[in-house]
Amino acid sequence: MTKNIKILGCGNMLMGDDGVGIRVIERLQEMKLPENVEIIDAGVGGMAILSWIEDADKVIIVDAVQTGNEPPGTVYEFTDKELPPSDMFMLSLHDLNLVDTINVGRVVQKMPDVIVIIGVEVKRVAEFTKDLTPEVEGAIPEVLDLVLKELK
């Protein structure tokens, strides 16, 4: 049986490094991926993520993180079984962050069997720009490699 896999990129393209998840999605859209893989630009995410992932067997989410503990461009990988602290992820002004959304989803709906979260430590998120910093831009190939490994 073929598994239904969804890849979601989260972020705001107008807020610098916060758009890294969307940039990864743009790169994936240029690739030939298996037919059972759906690529979704999830924007700033929030509770809408739950409707996108409810019928998936596996979900890969790419998002910006800001811990201040590691250099910009550091790539993290988690599963929903080992979620990081919720304050690691960007907050939407009108919704929950990624970790809190997944926790709500566990209560209100059937969740995918596997959820993988790939986060990129960001540097610049407080100014209006479409440009990523060089450190975050440089992390995209590593993120793409991790996503492609998860598809195997």
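The values are calculated or read from the model by the stated rules, or taken from the named source; none is laboratory data. The shown structure was predicted, so the numbers you read here are calculated from the model rather than taken from an experiment. Backbone-built Cβ (ideal geometry, glycine too); neighbour counts: all protein chains shown. What goes into the accessible areas is simple: the full protein's heavy atoms, side chains included, and nothing from ligands, DNA or RNA. Shrake-Rupley method; radii C 1.70, N 1.55, O 1.52, S 1.80 Å.
What to note about this one:
- Scan segment 53-82 for residues that are assigned to a strand (DSSP E or B), more than 17 Å from PRO141 (Cβ to Cβ) and not aromatic (Phe, Trp, Tyr) and the total you get is 6.
- Exclusive hit being modelled with pLDDT under 85 and either within 22 Å of GLU26 (Cα to Cα) or touching a strand residue (DSSP E or B) at 6+ places or on another chain (Cβ under 6 Å) (or both), set VAL125, VAL114, VAL107: VAL125
- Selection of first residues in segment 126-152 that are without any contact (Cβ under 8 Å) to a residue 12 or more places away in the chain and open to solvent by 60 Å² or more (accessible area, probe 1.4 Å) and of second residues that are part of a helix (DSSP H, G or I) and of a type outside the set (Asp, Glu), restricted to Cβ pairs under 6 Å at least 6 apart or on distinct chains, gives an empty result.
- Scoring VAL44 on the criteria (1) open to solvent by 40 Å² or more (accessible area, probe 1.4 Å); (2) under 15 Å from VAL114 (Cβ atoms) leaves a single failure, condition (2).
- Hits in segment 15-35 (condition: in a loop (DSSP other than H, G, I, E, B) and loosely packed, with under 15 Cβ neighbours inside 10 Å): GLU30, MET31, LYS32, PRO34, GLU35
- With respect to the stated conditions, ILE49 fails to be part of a helix (DSSP H, G or I) and at pLDDT 90 or above.
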